[in-house]
Amino acid sequence: MIKILILGAGAMGSAFSVPCIDRNHQVTIVGTLLEDQFIDNLNSNKKFHPILELNLSDNTNIVKYNNLEDELKKKPDLIVLGVNSKGIKWAAEQISKFSNNSILCPILLLVKGLSIYDNKYESLGDKVKRLLTNGGIKNINISAVGGPCLAKGLAHKVHTSVIFANKDMQTAKWLIDNLSTDYYHPLISNDMIGVEACAAIKNIFSMSIGAAKGLYINNNKIIENNYCNAAATLFKQSLYEMELFTNILKGKKETVNSLAGLGDLYVSAVGGRNSKMGTLLGQGYIYSEAKKLKMPNETIEGAELVFEIGTKIKNDFDIKKMPLMISVINSILDDKKLIINWNDFNMN
């Protein structure tokens, strides 16, 4: 048994607690500053998580943010960051602030995204490491999770395969040894940047694939129900552009064609919020309208990533080389209708 501290009580952080509990680990979920009321509701309602649509285990300790310092004093064996990408800076600052010494246990990132630092692309793993180093933490050991994993499916123990990425393969193997179950099937990779890059940008491409359905809604029922030809073309082009982008970040091509890339793109395209937004864009909505009218309370990770790195991508890549990615970026940044440049796709 190990002690696992999960920071963030949202869907993915809470879902991750399920296999941890099934491995008989001691699990504590600590909410963020914005989750006090949510934590109260969970604890007063038999730990029923409304997004996951299940009751979390009675053995899961769920506490508010003001307990974080006490939980860190208990010296967990693993810290899991289940906050969203906007909360990474806050999480790193709190961990640095409340740590009793300058050496931390291993950290596992569930959050996916990229940012810009010093006019360069920065993975969230590198961002956390930089922030913790600035906070006086030493010997930082960070792993990232990639691959096709929707939170509700994991929470309900649907067979789920993921990638644990770490340059230190010994740590990655330790994670597998402690977290694998008969339904949670992690693999390992030392291509940390490739896994993180794919995990982030697939959210942009899943919007583009989702657009295929939207393009044919309201035409006629026969066409509307046979959009998969278009979706397949968009899927293939997405993989091609993911390879180009991942290569720029020095990630491996084979990572794009693994669970971290192809697998994660598939599950996001058929079952995620980004795909739903893409369908709305395909119907002709501009992003601001779609967000306000159809998805006002949902975080669209692909759009958030566009706002974070979209301008740099446009500066770094010609639209002829990355026609699909930049079409989506232009649509969101300029808040205009999505126009897909089909004739510029790579058909090799």
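What follows is calculated from the coordinates using simple rules that are stated; it is not laboratory data. Owing to the predicted nature of the structure, the values given are computational and were not obtained by experimental measurement. FYI the Cβ positions are ideal-geometry reconstructions off the backbone, even for glycines, and counts take in every protein chain you see.
Quick look at the numbers
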| item | result |
| --- | --- |
| Candidates 198, 228, 20, ranked by Gaussian network fluctuation over the chain, Cα under 10 Å, top entry | 228 |
| Shape metrics for the range 196-257, restricted to C-alpha atoms - Rg then Dmax, Å | 14.0, 45 |
| Theoretical gain in end-to-end length, residue 134 to residue 342 [0.36 nm per residue, Cα-Cα removed] | 70.3 nm |
| On Cα atoms only, tilt of 301-316 relative to the major axis of the chain in degrees | 60 |
| Nearest-0.05 FRET efficiency for residue 180 and residue 232, computed from C-beta distance (R0 35 Å) | 0.60 |
| Förster radius 56 Å - calculated FRET efficiency between residue 293 and residue 257 (Cβ-Cβ, nearest 0.05) | 0.90 |
| Of 240, 217, 277, farthest towards positive along the dipole that unit charges on Lys, Arg, Asp, Glu beta carbons give the range 193-344 | 217 |
| Span per principal axis, largest first, for the Cα atoms of the range 193-344 (Å) | 44, 31, 29 |
| Surface/4 estimate of mean projected area, convex hull on alpha-carbon atoms of the chain, nm² | 17.4 |
| Helix 192-216 axis, angle to the chain major axis (alpha carbon atoms, nearest 10°) | 40 |
| Relative contact order for the chain, counting Cα pairs under 8 Å that sit 6 or more residues apart, in percent | 14 |
| Fraction of antiparallel bridges per DSSP, the chain only, in percent to nearest 5 | 25 |
